[in-house]
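Participant: Pasting a structure here, questions to come.
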Amino acid sequence: MSTAVAPLEFPPYRTLANDELRARIQAVRDEMGSRLLILGHHYQQDEVIELADLTGDSYQLSQMAASSVDCRCIVFCGVHFMAETADILANRPEKLTSRAGERIPVVLPDMAAGCSMADMAAIGQIEDAWEQLAEVIDVSDLTPVTYINSAASLKAFVGRHGGIVCTSSNARAALEWAFARTSRVMFFPDQHLGRNTALGMGVPLEAMPVWDPYAPELGGSTAEQLVASRVILWKGHCSVHQMFRPEHVAQFRANHPGIKILVHPECPREVFDLADESGSTGKIIKTVEAAPAGTKWAIGTELHLVNRLKQQHPEQEIHFLSPVVCMCATMYRIDLAHLAWSLENLAAGTPVNVIRVDEETAQWSLTALERMLEVR
Ligand code: 13P
Ligand code: SF4
């Protein structure tokens, strides 16, 4: 493969104007055609979204990676755990067989695009927690459920222990799946998604102790609390969504009569409980699209998505739920410069930033991801 312009080391791309970067990205897209699939999460900035082939929430993007047929490489405009998931699904054994062993490289344009929530649950901490739990409860009656916002090593742990991955769009179905198998669940790493979902299913708050991996023992709970638990919540959160506060909801309700509050379930319970509607980024978009002209919204999710909805729906009145800027700094690391750099290297046959999950981790993660794709 070749492009008109030979790829450079990264730094010079920073100095190129956006128009030139766009033209260079487009040149690679034209040259590679359907062999290249650029996926973009809804939190990406507009200029990246405009150049993506497909956009979606975490569940939809996983499905896209799992069902890709023509493509021979994926460039993932999102964060690290999403690229890992795409690698596992696009290169699962049946797909490799159908391509005579050919792997699809999955590229993350900037390796610094991580997720602070995923980083809050290191595999060593999880294994240690499980060992400690085994001393006070029957772990064969405990199903681990991990939010997709987690490292592949945690997904593999969950797969090995009979558990399931979920996204914000199927968390309830995943918990139902888990409760059909065991009487107790452990939910990683987002305590808010776990708590909001389980409360909606009637699990009382007292039956949901939070496991703090930094507590000296038993995650900061007593043995009695763990024995009485139904859902053990890992002490993780999204730094973006925890910025939304109940007082923001109160201010909007007071100043904008009739306004509807629409939030992502990664928001804390005090905000989630006050909202009129909630859901994944995909559901937030659909909800606004389906609303009649004149609807007023205060939306609690990442800033780029809310601003884009505001531009796309001038017939509605859309506000960002917090007075403080809440953007996902790591999603924002994916910019045109990194996209052009990674695409030109891909086209030149010198791919950079390829995310490759080792075989054993991929195999066990796949077990848990396949369960996720089956429940809705
Ligand atoms: P969804 O797109 O699945 O709603 O996830 C939001 C998010 O925080 C991704 O990291
Ligand atoms: Fe992670 Fe929160 Fe950013 Fe999503 S918005 S990628 S959960 S830090």
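Every number in this text was worked out from the coordinates using simple rules, so none of it is lab data. As the structure is a prediction and not an experimental result, all values here were calculated from the model. Using ideal geometry, Cβ is built from the backbone for each residue, glycine included, and neighbour counts are taken over all protein chains shown.
Participant: Are there any trypsin sites (Lys or Arg not before Pro) in the range 248-321 that are in a DSSP loop and have at most 12 other Cβ atoms within 10 Å? List them by number. Show your work: numbers first, answer last.
Facilitator: On the way: sites: 253, 260, 269, 283, 286, 296, 308, 310; in loops: none.
Nothing satisfies the criteria.
Participant: Please list the non-local residues whose amide H lies under 5 Å from the amide H of residue 322, H modeled 1.01 Å from N, same-chain partners needing a gap of 5 or more.
Facilitator: Correct list: empty.
Participant: With an 8 Å cut-off on Cα pairs and a minimum separation of 6 or more residues, tell me the relative contact order of the chain in percent. Numbers along the way, then the final one.
Facilitator: On the way: 746 pairs, mean separation 90.5, N = 376.
So the answer I get is 24 percent.
Participant: Work the Kirkwood hydrodynamic radius out for the range 74-178: mean of 1/r over every pair of different alpha-carbon atoms, inverted, in Å.
Facilitator: Here the Kirkwood hydrodynamic radius works out to 15.3 Å.
Participant: Moving on. Show me, bin by bin at 5 Å from 0, the whole-percent P(r) of the range 109-261 based on Cα pairs.
Facilitator: Going out from 0 Å in 5 Å bins, the range 109-261 shows 2, 9, 18, 21, 19, 13, 7, 6, 4, 2, 0 percent.
Participant: Okay, moving on. Taking H as built 1.01 Å from N, whose amide H comes closer than 5 Å to the amide H of residue 42, not counting residues under 5 places away?
Facilitator: The list, which skips near neighbours in sequence, is 56.
Participant: Next up: Stick to the Cα atoms of the range 183-304, pair each with every other, and give me the Kirkwood hydrodynamic radius in Å at one decimal.
Facilitator: Every distinct Cα pair counted, the radius reaches 15.7 Å.
Participant: Taking a threshold of 24 Å on the Cα-Cα distance, which of the pairs 235/260; 95/283; 235/286; 95/155; 155/260 fall above it?
Facilitator: 235/260; 95/283; 235/286; 155/260
Participant: Tell me, what are the semi-axes, in whole angstrom and largest first, of the equivalent ellipsoid of the range 1-86 as set by the roots of 5 times the Cα gyration tensor eigenvalues?
Facilitator: The answer is 23, 16, 11 Å, longest axis first.
Participant: Given 20 Å bins starting at zero, what is the percent of C-alpha pairs of the chain in each, up to the one with the largest pair distance?
Facilitator: Over the chain, the share of Cα pairs per 20 Å bin runs 28, 55, 17, 0 percent.
Participant: How large is Rg/Rh for the range 269-337, to two decimals, with Cα atoms and a Kirkwood Rh?
Facilitator: 0.98
Participant: Can I ask one more? Run the reach check for residue 310 against aspartates and glutamates, Cα to Cα strictly under 14 Å, same-chain hits fewer than 8 apart removed. What comes back?
Facilitator: The qualifying aspartates and glutamates are 46, 289, 302.
Participant: Follow-up. Provide the convex hull volume over Cα atoms per residue for the range 90-141, in Å³.
Facilitator: 145 Å³
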